[in-house]
Amino acid sequence: MSLAQQLGRPAAVGATRRRPVGRTTVLLVALAALGGAAVLSVAIGVRTVGWHDIAAGVAGHPDSVGAAAVAKRLPRTVLAVIVGGALGLAGAVMQGVTRNPLADPALLGVTSGSALAVVCGIAFFGLTAPSSYLVVAILGAALAAAVVYAIGSLGRGGHTPLKLALAGAACTAAFSSLVSAVLLPRIDVMNQFRFWQIGGVGGADWDRIAMVAPLLTAALLVGLSSARGLDALALGDDAAAALGVRVGRTRVHAGLAAIVLCGSATAVAGPIGFVGLVVPHLCRLLVGSAHRWLLPLSVLVGALLLTLADVLGRVLTRPAELDVGIVTAVLGAPFFIALVRRTAGRAR
Amino acid sequence: MSTLPVALVGGRRRRASRRRRMLALLGLLVALAFAASLMIGHTLYGPVDVIRVIVGQDVPGASFTVGDLRLPRAALGLLAGVAFGMGGVTFQTMLRNPLAAPDVIGISSGASAAGVFGIVVLGLSGPAVSLVAVVAALGVALLIYVLAWRDGVVGSRLVLIGIGVAAMLDSVVSWVLVRASQWDLQAAMRWLTGSLNAASWELVVPLLVVLLFAVPVLLAQARPLELLQLGDDAAAALGVRVERTRLIVIVSAVLLIACATAAAGPIAFVAFLSGPIAARSVGPGTSLLVPAGLVGALVVLSADQLGQWALGTRYPVGVITGALGAPFLVYLLARTHRSGGSL
């Protein structure tokens, strides 16, 4: 059984398999867990605060240091939820579009592409407004995705997980050395950039969230609406076409949604790896591979995972903070390795 | 020999003579680049002055500039280039995949992460850093090998697992760098891009010792390594002790890569590009170890000159090799995929 077949198990099989819990229940539990994680994220941090501080901070009139700290955690939590949801959905859609279980925005070089674009924008075009970062980051993500996909698809047999992952790793290496070539002579930009590069939600504020929210909502809707098309694509291009799905158009729609999602997530929070990889696989275990269930659950679980990773990063190395990008990389890489061991061995 | 068709013998001769010519040319170019990096700088010194410094005479001015600054730098570039080139091509040959270079599959990242951690967190310096980097790189190589093992090691699985490990280690490097004070930042950037700026005899001598040990070992294994490309079973049938050869080769290549990384940082793409460039220049059918080492040295020395003097800012060598290597990499990926072949 090839990798593609393993991933793209037809929806019908998923639907007929008996499940211990209903899929609606799973969605509701995920939503409740996300709510719980958000509460944790507001309550737990480097500074230990009491209930009074939390209430005051959330209500918006911070009268103590603790309450002020809580008030700063609010936008951070919201940003973690938004970015995590976006990355989770982007990963699920990318894995569906490329029919590749190892697809992840960071591994495929998309996030480093937007990093390069942002750095070039700051250094050469004098961009200063965060809203212009957003546009540039999305353009960079789109360009990088196109390049990696094109390189990975060359040759006999189109793209395989290995070719795509290698093309992604190679392009990531290329992009990051270009980033340092641009950065090194400009130490002020470098100092500012190194915090962005690592991926974090610590610097969140409401302005940035308001800036990115409309775009993310639109991409979210487009992404979710591509569920039917992705289900058909999982059967193979010919079968999908026979079912009346416009293969090319579905790919472009869903792919664009994924690029906008991870490009804007990267623009506000820096490159965060492995969320897009891990989340869809976890969700597939829970609800099967029918995309109308998989996609919404990926949003919820992505948000849950990133919020928890952020909380973990605050608690682990008190009083310093571990940026969320590092937490996800350290937690996600073993998962990736396990996945490779499980699947890529039999395929060749 | 006499029974072989004339065309076959002729082809063999032609290839052998092309190989000899290209090797001589590469050697000459490396020597030229080495000499150029001794002579060219803020002050130009003629060959006579340089030779007098090397044989130990006291030349006003040149003794310090050439003897203490340029000579260690050029020596470090030369040795690191050879180490990266040979180590890289060993991995590429063994795994039958030009993309399976140590800088892609996480071995350089392991050395980097340990180096940065040693400097910034543990406050180490000098040979201790090299030692930590070597131990970590060997550990990472072992880890990747063990993780990729399931009824034998498949090259593609090893590469993918290496990519995962590299991603994790790179995040460790960035974490340590964020913790670093701004004063350490420039120094620590060496561990991200690779640079010869810190060159000194203390860095050169350990690297030289390791090269003197590891290069002969690798060269002795050149033939079995070539045969391994035919596949494990065929190689075993031809009398290669597969696992033993692989172990020796991996350990020596990792030693080369780790020590070079400890001394000069992970100079981007040198390990990755030397093999394919060497294969293009000397032609097929021969061991690529020596030509790849020469190409590595040539690339590092000339990129360092370029980075120091050709552009407005003084760039570390890794940035130049990275920027020059990226387009070549894309070309190589495209070509490899189209032909479906290896090096």
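Remarks
- Label-point separation, residue B:328 to residue B:309 (7 Å along Cα→Cβ), nm: 2.1
- Look at the stretch B:165-177: the mean tally of other chain Cβ atoms within 10 Å of its residues' Cβ atoms is 6.
- In loop segments of segment A:57-133 as defined by DSSP, the chymotrypsin sites (Phe, Trp or Tyr not before Pro) with at most 12 further C-beta atoms inside 10 Å of their C-beta are A:125.
- Rounded to the nearest 20, the size of the Cβ-charge dipole of chain B about its Cα centre is 1260 debye, with Lys and Arg at +1 and Asp and Glu at -1.
- Packing-based exposure ordering (other Cβ within 10 Å, fewest first) of A:70, B:89, B:159: A:70, B:159, B:89
- Among B:319, B:204, B:176, the largest mean-square fluctuation in a Gaussian network model of chain B (Cα springs under 10 Å) belongs to B:176.
- Listed residues A:84, A:202, A:35, most fluctuating in chain A (Gaussian network, C-alpha, under 10 Å): A:35
- Ordering A:61, A:52, A:291 by the number of other Cβ atoms within 10 Å of each residue's own Cβ, fewest first, gives A:61, A:52, A:291.
- Screening chain B for DSSP H helices whose Cα atoms reach 27 Å or more along their own axis and whose mean Kyte hydropathy is at least -0.5 gives B:6-39, B:71-94, B:127-148, B:155-179, B:201-220, B:242-264, B:317-339.
- Rounded Å value of the spacing that divides the Cα centres of segment A:257-328 and segment A:46-96: 15
- At least 27 Å along the helix axis (C-alpha) and Kyte average at least -0.5, DSSP helices within chain A: A:23-43, A:65-98, A:130-153, A:161-183, A:206-225, A:247-269, A:291-316, A:324-347
- In this structure, residue A:292 and residue A:186 have a Cβ-Cβ separation that, at R0 = 60 Å, corresponds to a calculated FRET efficiency of about 0.80.
- Residue order, fewest to most beta carbons within 10 Å, for A:89, B:225: B:225, A:89
- Fluctuation leader among B:323, B:113, B:137 - chain B, Gaussian network, Cα springs under 10 angstrom: B:323
- Paramagnetic label zone (point 7 Å from Cα along Cα-to-C-beta, residue A:252; backbone N under 19 Å) in segment A:68-98: A:94, A:97-98
- Along each principal axis, Cα extent of the protein assembly as shown, largest first, Å: 79, 67, 42
- Average other protein chain Cβ within 10 Å of Cβ, residues A:328-340: 6
- Order by protection proxy (mean Cβ within 10 Å, highest first), peptides A:110-118, A:95-103: A:110-118, A:95-103
- If R0 equals 22 Å, the separation of the Cβ atoms of residue A:238 and residue B:335 corresponds to a calculated FRET efficiency of about 0.15.
We did not get these values from a lab; they are worked out from the coordinates using the rules stated. Because the structure is predicted, anything quoted here is derived from the model rather than measured. Glycine gets a Cβ as well: all are built from the backbone with ideal geometry, and neighbour counts include every protein chain shown.
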